[in-house]
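Accompanying notes for the structure given below.
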């Protein structure tokens with residue numbers, strides 16, 4: 001399988017996984033309850049963990065020919081200054097995202113620890129391994145710039161719950177995560193960056209443990 005084909009399949013698999021996980025949990029809600037279900041924070045956390053539990057092993061399996069070459073977790077410490085700079089920028093951006101109606105609905109209807117674990121651990125692991133891992137590696141053989149742009153665009157497309165302004169912000173932040181993936185050679189750097197950013201968003205939205 002060529003890297004380009006793998007990239008296309010990854011987009012299809014991720015999109016299908018997002019919709020399937022949502023539909024699976026939606027099946028427990030009646031038609032009259034569906035809108036409320038989709039804004040329920042515990043439901044959102046459950047879907048996030050479900051996607052990670054199913055998606056990470058599948059993607060890691062397809063990515064395994066290159067997985068051993070990924071820089072180990074301990075090397076991430078060398079990139080701490082860059083991570084701190086990213087988190088600082090994310091702290092300001094988080095107040096923008098934290099005001100989104102979807103985020104407010106989720107935060108206001110969830111168990112804080114469940115939501116925190118899903119958004120700071122499960123979501124970054126799954127999304128970074130897919131978009132800045134498997135997809136990025138598949139695309140950068142042709143062009144690093146294309147890999148940065150296309151992986152960021154695909155990442156934005158699966159976050160359709162946000163408005164246009166937030167989508168533009170996500171695209172820019174996705175580009176930064178992809179650039180750090182390329183510069184560091186490690187998938188752990190964007191995972192740590194992403195996890196910290198999500199924590200800031202929850203804090204900005206009013207989550208308190």
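Derivation of every value follows stated rules applied to the coordinates shown; laboratory data play no part. None of the values given here were measured: they were computed from a predicted structure. Positions of Cβ are generated from backbone atoms using ideal geometry, with glycine treated the same way; all protein chains shown enter the neighbour counts.
Nearest 0.05, what FRET efficiency do residue 61 and residue 121 give at R0 = 22 Å with Cβ-Cβ as r? Using R0 = 22 Å, I get an efficiency of 0.60. Taking other C-beta atoms within 10 angstrom as a stand-in for reagent exposure, 119, 48 fall in the order 48, 119, fewest first. Each of 128, 100 was scored by other Cβ atoms within 10 Å of its Cβ. Arranged with the fewest first, they read 100, 128.
Residues of the range 186-207 falling in the label zone of residue 80, defined by backbone nitrogen less than 19 Å from a point 7 Å along Cα to beta-carbon, are 186-197. Subtracting the Cα-Cα distance of residue 104 and residue 91 from their residue separation scaled by 0.36 nm leaves 3.0 nm.
The distance from the alpha carbon centre of the range 48-62 to that of the range 102-149 is 12 Å, rounded to a whole number.
Listing 194, 159 from fewest to most neighbouring C-beta atoms within 10 Å gives 159, 194. Once both labels are positioned 7 Å from their Cα atoms along Cα-to-Cβ, the gap between residue 146 and residue 158 label points is 2.1 nm. With a Förster radius of 22 Å applied to the C-beta separation of residue 208 and residue 169, the computed FRET efficiency comes to 0.35.
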